[in-house]
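Asker: Dropping a structure here in structure tokens format, bear with me for questions.
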Amino acid sequence: MTIRSPYIKTLAATLAIVVIQTAVIVGAQDAPAAAPLESTAAPSSSPTASGLNPDMKLDDLVKQDVLVPALSTVVNSVDRQESTVGRSPAAIFVITPEMIKRSGVRSIPEALRMAPGLDVARIDAHTWAISSRGFNGRYANKLLVQIDRRIVYNATFGGVYWDLQDVVLADVERIEVIRGPGTTAWGSNAVNGVINIITKKSSETQGALVQSGGGNQERDFNTVRYGATTPGGVSWRAWGQQFDRNSGWSDTGVGDSWRQQQGGFRADYSPTKEDTLTLQGNISNMYGGERVDAAIPTFPYQAVVNDVVHGPAGNVLFRYGRVTDAETSWQFQTYFDRYQYNTVTLAETRNTYDIDLQYQFSPAERHQFISGVNYRHSQDFTTGSFFTSFAPPAYLTQWASVFAQDTMTVVEDRWYFTLGTRLEQNTFGHFQVEPTARLLFLPDKRQSAWMAVSRAVRNPTRADAQAILNQSTGFGSPFFASINGNLQVAPENLMAYEIGYRAAPTDQFSWDIAGYINDYRKVVGLGPVGAPVLVPPGVFLLPTPITNNTSAISYGFETTATYQLTEAWRVFGSYSLFEVQSKTSPGGNGGANTSPNNQVYVRSSWDLKRNVQFDLIGRYVDQLANPGVPKYIEMDTRIGWQATKHVEFSLVGQNLVNNHHLEYIESFGGLVSTEVRRGYYGMVSITY
């Protein structure tokens, strides 16, 4: 692959900076050592893996002191039980608070760029295409996303309105990113991956936090949060935040600026050592500009619409957990979520209720069992247009499921075998079985290898079954491609084969690799175009049904490495390879190649002094074959100064290589893409 000379210069400049850092550090060998970087492993108070006792069960292994920091980060998204990265038979990556802070990102989508195997592309200033292991797009529908186990994957099109999702980034405990199926644990639609955004307990956010900043792209942002504990032992926090972000670049001056206000609370209470209760909620109000090429039923049959998206939203969640003994616990959770997403071509309101119960116990020696039930009820109300509509305009979608999973100790402290399945009934997908089998091998405390075979299902959505999208065939033409939902659309099926290996030869160096082959069947595409149909007021519709006409085989791998060169300097790098071959039935229109074949991410984190941090990040994203988007290289940087114990200043530069660059072109819906601009901002953070 040939890289143009500007890219070569950029890579050379990055290498030069790293060489200079090395020279400075080598030259400062006799100077007092700087404070070590904050570990990306879990805090010492969290369960972590270490000194292995051969009589311990798998869940006991995570309750010891840390011996191998790189493998001991706590996770619970693989099988809904607390474990560690080193003992997870899945491709999992954890984005830590330190990584979020030092990267300088200001939104969840930007933070997700740090995870290998994820395709993260910005379409306009507030619209994103994010997926795992392929099939990317604005309406990417094979990635399940949760915020504190509240599902934000919606039943309208099966994806995420990323511009409605916002949290106080300083309150994020970690973001767990699983590449590969997670349907047994989390239900249908966790086909290519699971993202679980976990926020901190309110007891960990006591006192006040004030953050304020601004720049040319992040025009202004402010966060105020306060936490305390009542005399009765209830810890709580409340917060409010807002931001105003500038428009992306376009040669036609698209106004797609993005602003939002949000407020929320969380309260945690432990009446006994065995019981925990959590109540949390938030409300938000979002506005985002966009330009849409919309079909209209009168001459010239196509209109350029400058629109403002309005998205008020709110949710409330309650969780109760009880630990009966070392091997037995259960958890009940319920939430209500409401959002509106109003545009000039389609207005949508959706109310979702969810009830979830899980139970964990050990039915016999060498067995750790977890099971659960879930019910979700989601009602939507839409107001459409000639361009986009749903028939009927209101509809109720329901899910009901049960799951069970057993982790068996085959050889103590060496081999573990997990077998589980989920049975689910869905309004559109009907009855589905989603099994998985996973094998974990621990050669020693510094290595782990795993493999998995899973069947995953992506249930049809309202868009697949009941949407009507009329797209113009050209300016001045009365002929429209009328894409029609199909109630006979079947669920998409995946058989996934995965294998992975992790190692930490030393406490300073660790690496991992995960490979996969995904076999997709019954993938949704567009069927053959029918004969023109004349409809009032004198336009011709070319019926184009949605149908299961595509199959695909994708394969690839992701690898990461972390090296702590000195106490003051750490480097991290990742590489992701993705390939896909798809086949569509004759007369159809399908395909799956909407993701880059190659991605590279490199981060250098350097403590210049005890109170000064310098971070440099480089990203390479390959060209997109469909839609056609050129490859690009970008660089971000951050310098942070801890002026006092309570005050920190930071300066961040983003997308510094190019004045602007294109990341994605959306094929459906007529949304006009804008390019990501070079940006910078300053921020002050005060805690007390």
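Asker: What number of residues within the range 229-242 satisfy the criterion of being assigned to a strand (DSSP E or B) and either closer than 11 Å to D268 by Cα or hydroxyl-bearing (S, T, Y) (or both)?
Answerer: 4
Asker: Looking at (1) farther than 23 Å from L439 by Cβ; (2) touching a Lys or Arg at 6+ places or on another chain (Cβ under 8 Å); (3) of a type in the set (V, I, T), which is the only condition T409 fails?
Answerer: (1)
One line per residue, one yes/no per condition, for (1) at pLDDT below 95; (2) of a type in the set (K, R):
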| site | (1), (2) |
| --- | --- |
| K101 | no, yes |
| A115 | no, no |
| H126 | no, no |
| N136 | yes, no |
| Q146 | no, no |
| G159 | yes, no |
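Asker: To continue, here is another question. Kindly provide the set of residues from the range 139-159 that are buried (at least 24 other Cβ atoms within 10 Å of the Cβ), in a loop (DSSP other than H, G, I, E, B) and in contact (Cβ under 8 Å) with a residue 40 or more places away in the chain, ordered by number.
Answerer: Those that are buried (at least 24 other Cβ atoms within 10 Å of the Cβ), in a loop (DSSP other than H, G, I, E, B) and in contact (Cβ under 8 Å) with a residue 40 or more places away in the chain: N141, K142, N154, A155, G158.
Asker: Take G253 and decide whether it is without any contact (Cβ under 8 Å) to a residue 60 or more places away in the chain and at positive phi.
Answerer: yes
Asker: Which one is farthest from Q471 (Cα to Cα), of the residues in the range 373-394 that are surrounded by fewer than 20 Cβ atoms within 10 Å (Cβ to Cβ) and touching a Leu at 6+ places or on another chain (Cβ under 6 Å)?
Answerer: V373
Asker: When only residues in the range 461-504 that are in contact with a Gly (Cβ under 6 Å, 6 or more places away or on another chain) and assigned to a loop (DSSP other than H, G, I, E, B) count, which is surrounded by the fewest Cβ atoms within 10 Å (Cβ to Cβ)?
Answerer: If we take residues in the range 461-504 being in contact with a Gly (Cβ under 6 Å, 6 or more places away or on another chain) and assigned to a loop (DSSP other than H, G, I, E, B), then P491 is surrounded by the fewest Cβ atoms within 10 Å (Cβ to Cβ).
Asker: Among the residues of the range 507-548, count how many are touching a Gly at 6+ places or on another chain (Cβ under 6 Å), surrounded by fewer than 17 Cβ atoms within 10 Å (Cβ to Cβ) and closer than 15 Å to F480 by Cβ.
Answerer: So the count comes out to 1.
Asker: Considering only residues that are out of contact with any Ser or Thr (no Cβ under 6 Å at 6 or more places or on another chain) and among the aromatic types (F, W, Y), look in the range 201-248 and name the one that is farthest from D163 (Cα to Cα).
Answerer: If we take residues in the range 201-248 being out of contact with any Ser or Thr (no Cβ under 6 Å at 6 or more places or on another chain) and among the aromatic types (F, W, Y), then Y226 is farthest from D163 (Cα to Cα).
Asker: Also, quick follow-up: Regarding T397, is this residue surrounded by 15 or more Cβ atoms within 10 Å (Cβ to Cβ), in contact (Cβ under 8 Å) with a residue 60 or more places away in the chain and within 25 Å of the chain's Cα centre (by Cα)?
Answerer: Against the criterion (surrounded by 15 or more Cβ atoms within 10 Å (Cβ to Cβ), in contact (Cβ under 8 Å) with a residue 60 or more places away in the chain and within 25 Å of the chain's Cα centre (by Cα)), T397 qualifies.
Asker: Could you list, in sequence order, the residues of the range 234-254 that are modelled with pLDDT under 95 and surrounded by fewer than 17 Cβ atoms within 10 Å (Cβ to Cβ)?
Answerer: Listed by number, the residues that qualify are D251, T252, G253.
Asker: Can you find a residue in the range 204-212 that is in contact with a Lys or Arg (Cβ under 9 Å, 6 or more places away or on another chain) and within 30 Å of G429 (Cα to Cα)?
Answerer: There is no residue in the range 204-212 that is in contact with a Lys or Arg (Cβ under 9 Å, 6 or more places away or on another chain) and within 30 Å of G429 (Cα to Cα).
Rundown of residues vs (1) closer than 21 Å to N141 by Cβ; (2) out of contact with any Lys or Arg (no Cβ under 9 Å at 6 or more places or on another chain), yes/no style:
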position: G429; (1), (2): yes, no
position: L440; (1), (2): no, no
position: K445; (1), (2): no, yes
position: A452; (1), (2): no, no
position: N493; (1), (2): yes, no
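Asker: Follow-up. Anything in the range 161-190 that is part of a loop (DSSP other than H, G, I, E, B), buried (at least 24 other Cβ atoms within 10 Å of the Cβ) and hydrophobic (A, V, I, L, M, F, W, C)? List them, or say none.
Answerer: Answer for the range 161-190, where residues must be part of a loop (DSSP other than H, G, I, E, B), buried (at least 24 other Cβ atoms within 10 Å of the Cβ) and hydrophobic (A, V, I, L, M, F, W, C): just A190.
Asker: Related question: Report whether or not F332 is buried (at least 19 other Cβ atoms within 10 Å of the Cβ) and in contact with a Gly (Cβ under 9 Å, 6 or more places away or on another chain). Give the derivation first.
Answerer: Working: buried (at least 19 other Cβ atoms within 10 Å of the Cβ): no; in contact with a Gly (Cβ under 9 Å, 6 or more places away or on another chain): yes.
No; evaluated as a whole, the condition is false for this residue.
Asker: Moving to a separate point now. Out of R570, R619, R638, report the one residue that is touching a helix residue (DSSP H, G or I) at 6+ places or on another chain (Cβ under 8 Å) and at pLDDT 95 or above.
Answerer: R638
Asker: With respect to the numbered conditions (1) over 26 Å from P460 (Cα atoms); (2) surrounded by fewer than 22 Cβ atoms within 10 Å (Cβ to Cβ), which one is the sole condition not fulfilled by D124?
Answerer: (2)
Asker: Name the single residue, out of those in the range 400-418 being among the charged types (D, E, K, R) and surrounded by 15 or more Cβ atoms within 10 Å (Cβ to Cβ), that is farthest from the chain's Cα centre (by Cα).
Answerer: It comes out as E412.
Asker: Take R150 and tell me if it is more than 27 Å from K631 (Cα to Cα) and either among the basic types (K, R) or at pLDDT 95 or above (or both).
Answerer: Values: more than 27 Å from K631 (Cα to Cα): yes; either among the basic types (K, R) or at pLDDT 95 or above (or both): yes.
Yes, satisfied.
Asker: Shifting gears a bit: Just to verify a result, which residue in the range 258-275, among those that are in contact with a Lys or Arg (Cβ under 8 Å, 6 or more places away or on another chain) and crowded, with 20+ Cβ neighbours inside 10 Å, is farthest from D171 (Cα to Cα)?
Answerer: That would be W258.
Asker: Taking the condition of being touching a residue at least 12 places away in the same chain (Cβ under 8 Å) and within 24 Å of I370 (Cα to Cα), how many residues in the range 420-434 meet it?
Answerer: Total meeting the criteria: 10.
Asker: Would you mind stating whether Q360 is farther than 26 Å from S472 by Cβ, touching a strand residue (DSSP E or B) at 6+ places or on another chain (Cβ under 9 Å) and without any contact (Cβ under 8 Å) to a residue 60 or more places away in the chain?
Answerer: Details: farther than 26 Å from S472 by Cβ: yes; touching a strand residue (DSSP E or B) at 6+ places or on another chain (Cβ under 9 Å): yes; without any contact (Cβ under 8 Å) to a residue 60 or more places away in the chain: no.
So Q360 does not fit the description; no.
Asker: State whether one or more residues within the range 191-201 are in contact with a Phe, Trp or Tyr (Cβ under 9 Å, 6 or more places away or on another chain) and of a type in the set (G, A, S).
Answerer: Looking for residues that are in contact with a Phe, Trp or Tyr (Cβ under 9 Å, 6 or more places away or on another chain) and of a type in the set (G, A, S), one finds none in the range 191-201, hence no.
Asker: With S88, S132, S107, S77 as the choices, which residue is under 23 Å from G281 (Cα atoms) and crowded, with 23+ Cβ neighbours inside 10 Å?
Answerer: Only one candidate passes the filter, namely S77.
Asker: Is at least one residue of the range 348-365 closer than 26 Å to D293 by Cβ, of a type outside the set (K, R), under 25 Å from the mean Cα position of the chain (by Cα) and crowded, with 19+ Cβ neighbours inside 10 Å?
Answerer: So far as the range 348-365 goes, yes, one or more of its residues are closer than 26 Å to D293 by Cβ, of a type outside the set (K, R), under 25 Å from the mean Cα position of the chain (by Cα) and crowded, with 19+ Cβ neighbours inside 10 Å.
Asker: Output the residues belonging to the range 85-133 that are of a type in the set (V, I, T), part of a loop (DSSP other than H, G, I, E, B) and under 30 Å from V309 (Cβ atoms).
Answerer: Of the range 85-133, the ones of a type in the set (V, I, T) are 85, 92, 94-96, 100, 105, 108, 120, 123, 127, 130.
With the extra rule that they be part of a loop (DSSP other than H, G, I, E, B), the set shrinks to 96, 105.
Matches in the range 85-133: V105 only.
Asker: So how many residues does the range 525-580 have that are within 30 Å of the chain's Cα centre (by Cα), of a type in the set (S, T, N, Q) and under 30 Å from D615 (Cβ atoms)?
Answerer: Matching residues across the range 525-580 total 6.
Asker: Being of a type in the set (V, I, T) and within 27 Å of the chain's Cα centre (by Cα) is the requirement here; does I296 meet it?
Answerer: When the stated conditions are applied, I296 does not pass them.
Asker: With the condition being within 30 Å of F479 (Cβ to Cβ), I'd like the strands (runs of 3 or more DSSP E) fully within the range 374-427 carrying at least 3 qualifying residues. Spell out the reasoning first.
Answerer: Working: elements: 388-390, 394-411, 415-426.
It comes to 388-390.
The values are calculated or read from the model by the stated rules, or taken from the named source; none is laboratory data. All values reported here derive from a predicted model rather than from experimental measurement. Please note: Cβ atoms are built from the backbone with ideal geometry, for glycine as well, and neighbour counts cover all protein chains shown.
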